[in-house]
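Working notes for the structure below.
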Amino acid sequence: MNSHKIAVVTDSGAYIPEPALGNLNIPVIPLWLIWGDERFRDGVDIDPPTFYRRLRESRLFPTTSQPSIGEFRDFLRQVSVGVDAIVGVFVTSRLSGTVASAQAAQAQLPELTIRVVDSLSVSMGQGFVALAAARAAAAGRSADEVVAAAEDMRDRVHLLFAVDTLEYLHRGGRVGGAKWLVGTALNIKPLLHFEDGTIMPLAQVRTKRKAIARMLEVAEERLGGKRMAEAAVIDVDNPEEGDAIAEQARERFGLSTIYRTTVSPAIGTHAGPGTTGIAFYAER
């Protein structure tokens, strides 16, 4: 059997924790954070604890931006050394221009075999898609097979999350189905999910505790009687709540391994501090 050397890359929006990576190598291109006159490479120039502390205290709201075409070109050239092809799995194109930037760079590098996959998700929703691709690549699969593994996982993965406030999503213009939320009391704790790459509302509840309980109920419904294969509990500057959700999920779904991670600043900017969520997929 021919073994293909395929590099799988992603952007910092995935924020895959080390235990989930294992021995896999997934090079990461950082997204940009723009805070007034300052620019930070996501996860490189500023770490999550520093960023979230500042986000809670600052009156100035940061914005985010995708890597430039030139940055992508340099990154892909660097990664291409010694490999047959590159498969890139990037943050949802519905909320970021990252996929478009990668495709523009791809067009400028006709000598390289590059495939771009839109994860239609963020955080570990995106992370599990990248991991599926990297695992297929590590098994010696062809570029087509690696892309197919990523697309298959994209169809299977779920990302559910509860925010403390809609203020950050609203300020960043990142929540779909906004009419559904108009006029809701400020103390409503919405449960949200990704639907076709866009953030959509799932339920409105009065307390965060109820939002988390509903989140785990929805997760169970989505499993449709199957076992949960892998899960990651994510939090935005809210580790205690994240740990509690991980414990509940471990007991409820019989998971021996559940990854715990925070959210990269570029994604956390829009979700806001206090957000917690779960990304998972079912066994076949």
(Q) Computing the accessible area with a 1.4 Å probe over protein heavy atoms, can you report the carbon and sulfur percentage for the chain? (A) 47
Q. Measuring from centroid to centroid over Cα atoms, what is the spacing of the range 221-259 and the range 64-95 in Å?
A. 30
Q: Using θ = phi - 60° and the Karplus relation 6.51 cos²θ - 1.76 cosθ + 1.60, list the HN-Hα couplings for the range 153-161 in order, rounded to whole Hz, with x at every Gly or Pro.
A: 5, 4, 6, 9, 7, 10, 10, 10, 8
Q | Solvent-accessible area per residue, Å², over the chain with all protein chains present [probe radius 1.4 Å] | A | 45
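Once you have the Cα-Cα distance between Ala244 and Asp196, take 0.36 nm times their residue separation minus that, and quote the gain in nm to one decimal. Intermediate values should be presented prior to the final figure.
Values: separation 48, 0.36 × 48 = 17.28 nm, distance 2.88 nm.
Separation in residues times 0.36 nm, less the Cα-Cα distance, equals 14.4 nm.
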Q: May I ask you to compute the full-extension gain from Asp155 to Arg252, defined as 0.36 nm times their residue separation minus their alpha-carbon distance, rounded to one decimal in nm?
A: 32.6 nm
Q: Quick one: among Pro67, Pro49, Pro190, which has the greatest mean-square fluctuation in a GNM of the chain with alpha-carbon springs under 10 angstrom?
A: Pro49
Q: Consider all pairwise Cα distances in the chain and report the whole-number % of them above 29 Å.
A: 31
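Pairwise over distinct Cα atoms, reciprocal of the mean inverse distance: report the Kirkwood radius of the range 1-134 in Å, one decimal place. Intermediate results must be reported in sequence, preceding the final value.
Values: mean 1/r = 0.0643 Å⁻¹.
Answer for the range 1-134: a Kirkwood hydrodynamic radius of 15.6 Å.
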Q: For Glu217 and Ala100, compute 0.36 nm times the residue count separating them, minus their Cα-Cα distance, and round to one decimal in nm.
A: 38.6 nm
Q | Label point distance in nm, Gln108-Arg260, each placed 7 Å from Cα along Cα→Cβ | A | 4.2
Q.
Given contacts defined as C-alpha pairs under 8 Å and at least six residues apart, what's the relative contact order of the chain, whole-number percent?
A. 22
Q: Quickly estimate the mean residue ellipticity at 222 nm for the chain, helices only: each DSSP H run with n ≥ 4 gives -39500 (n - 2.57), and the total goes over all residues, rounded to 500.
A: -11500 deg cm²/dmol
Q: Restricting to the chain, compute how many DSSP beta bridges are antiparallel as a %, nearest 5.
A: 65
Q | Nearest-0.05 FRET efficiency for Thr50 and Gln78, computed from C-beta distance (R0 22 Å) | A | 0.20
Q: Please name which of Ala107, Ala162, Ala149 has its Cα lying farthest along the dipole of the range 104-169 towards the positive end, using unit charges on Cβ (Lys, Arg +1; Asp, Glu -1) and the Cα centre as origin.
A: Ala149
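The values are calculated or read from the model by the stated rules, or taken from the named source; none is laboratory data. These numbers were taken from a predicted model, which means no experiment stands behind them. Please note: Cβ atoms are built from the backbone with ideal geometry, for glycine as well, and neighbour counts cover all protein chains shown. Only protein heavy atoms, including side chains, enter the accessible area calculation; ligands, DNA and RNA are left aside. Shrake-Rupley method; radii C 1.70, N 1.55, O 1.52, S 1.80 Å.
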